[in-house]
């Protein structure tokens, strides 16, 4: 049994995964056998693990410099990949850098160079210019969701990075888009392409919901009441619209989170945490949420605004019906609005919004999210938090939900009815050696 297979078995056990899916198996074999690999696979299909496993198996434990760079189009995707590398427990140092994060914090992290450096194109290019880390030992570059980085204007930074890495031996590109042109500066010679983009497409149901009002706000609420208590994402084209839609949903007592580029990084991260742990069943977002973020399986997406391009339509829809699950994409449309050709060609079923049967929501004890002022740097584990909340906080296992630990803090889903009791019993308690504060966010 070779080293990669041995390591893989232990890693999958840590992640709670029984076995790799066919795309991951094929991608792993290609990456270990060829120098240039392009992985085309839907959002949520596990591309991160498909390149991390072979990458980690080829790192040199005796090298104290950066050996691989992973470039992502968004902060969220960079943070997500870093978390997966930590969950794997490879023993190799990993750091993440991105715009909006203090540069001094980056420099401090990079004083002891990581084996794997993850980041957005602008910030990694900036570090290369300043010589914050050595490029002499970097032999692998991974461009995750590379077409998105190009689409949002990072071509010059990506070119600069690749030209600044003289010893690249392996290039891995991933995308959820078919037929994307790969620029020459990437340096691919005879790439092997792993294409799984058709997987799961048949399980996506697309429906058009017609609104008699151009505004569509009332129609949105009617549709949400029809769908009931299910996780979903509502896509808008503009961040200004999100505030207006959010206010309307609040007026109708519909809980939701917001996610778009204009938010502070802390607020973006917290919106995703509360969506993942069930505090919010709905996420109101721009196309920033169409790919590259870590969210759970969702039952539906709603196009509140019609997307402007077919690719945006595809990526939004890719948030649901992922791999082996089913999902529905709803196109919310004013009945006098022109339908884009790429949607009209699908011949979707159309329903007038007033025909939708309203779902009677049962009274349930919802989840809320508790903030803890201590994290991984304080050696705090999920078991430590669960122990404190269940023993001292008197929660049952059913009243304790998802726990997410960050470097300096943690977030825990707790049944809303138990929040007051929990905070009164555990606030200012010690976790490991740190006295922690608890608060509702």
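The values are calculated or read from the model by the stated rules, or taken from the named source; none is laboratory data. None of the values given here were measured: they were computed from a predicted structure. Quick reminder, even Gly has a Cβ in these numbers, built from the backbone with ideal geometry, and neighbours come from all protein chains shown.
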Limited to region 18-32, what total is found for residues that are in contact (Cβ under 8 Å) with a residue 60 or more places away in the chain and either closer than 19 Å to residue 295 by Cβ or surrounded by fewer than 17 Cβ atoms within 10 Å (Cβ to Cβ) (or both)?
2
Within region 310-339, of all residues that are modelled with pLDDT under 85 and more than 22 Å from the chain's Cα centre (by Cα), the one nearest to residue 203 (Cα to Cα) is 339
Can you tell which of 265, 230 is out of contact with any helix residue (DSSP H, G or I) (no Cβ under 8 Å at 6 or more places or on another chain) and either within 17 Å of residue 303 (Cβ to Cβ) or assigned by TED's automatic domain parsing to the domain that holds residue 351 (or both)?
230
Checked against (1) surrounded by fewer than 21 Cβ atoms within 10 Å (Cβ to Cβ); (2) touching a residue at least 60 places away in the same chain (Cβ under 8 Å), residue 153 satisfies every condition except (2)
Give just the number: which of (1) touching a residue at least 12 places away in the same chain (Cβ under 8 Å); (2) at negative phi does residue 89 not satisfy?
(2)
Tell me, please, whether a residue that is in contact with a strand residue (DSSP E or B) (Cβ under 9 Å, 6 or more places away or on another chain), farther than 28 Å from residue 270 by Cβ and surrounded by 21 or more Cβ atoms within 10 Å (Cβ to Cβ) can be found in region 94-109.
no
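Residue-wise test of (1) more than 24 Å from the chain's Cα centre (by Cα); (2) over 24 Å from residue 344 (Cα atoms); (3) surrounded by 15 or more Cβ atoms within 10 Å (Cβ to Cβ); (4) free of Cβ contacts under 8 Å to residues at least 60 places away in the same chain.
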position	(1), (2), (3), (4)
179	no, no, no, yes
185	yes, yes, no, yes
193	no, yes, no, no
209	yes, no, yes, no
236	no, no, yes, no
242	no, yes, yes, yes
267	no, yes, no, yes
280	no, yes, yes, yes
287	no, no, yes, yes
Return yes when residue 190 is closer than 30 Å to residue 159 by Cα and either touching a strand residue (DSSP E or B) at 6+ places or on another chain (Cβ under 6 Å) or in the same structural domain as residue 75 (by TED's automatic domain parsing) (or both) and no when it is not.
yes
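Please verify whether residue 78 is more than 12 Å from the chain's Cα centre (by Cα), on the phi < 0 side of the Ramachandran plot and in a helix (DSSP H, G or I), treating the condition exactly as stated.
Taking the combined requirement at face value, the residue does not satisfy it.
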Give the number of residues within region 344-382 that are in contact with a strand residue (DSSP E or B) (Cβ under 6 Å, 6 or more places away or on another chain), in contact (Cβ under 8 Å) with a residue 40 or more places away in the chain, closer than 30 Å to residue 398 by Cα and part of a loop (DSSP other than H, G, I, E, B).
4
Scanning for something under 20 Å from residue 273 (Cα atoms), touching a residue at least 60 places away in the same chain (Cβ under 8 Å) and within 28 Å of the chain's Cα centre (by Cα), does region 414-431 turn up at least one residue?
no
Given the conditions (1) assigned by TED's automatic domain parsing to the domain that holds residue 332; (2) part of a helix (DSSP H, G or I), which single one is not true for residue 206?
(2)
Please give the helices (runs of 4 or more DSSP H) falling wholly within region 232-343 in which 1 or more residues are over 26 Å from residue 151 (Cβ atoms).
239-251, 265-276
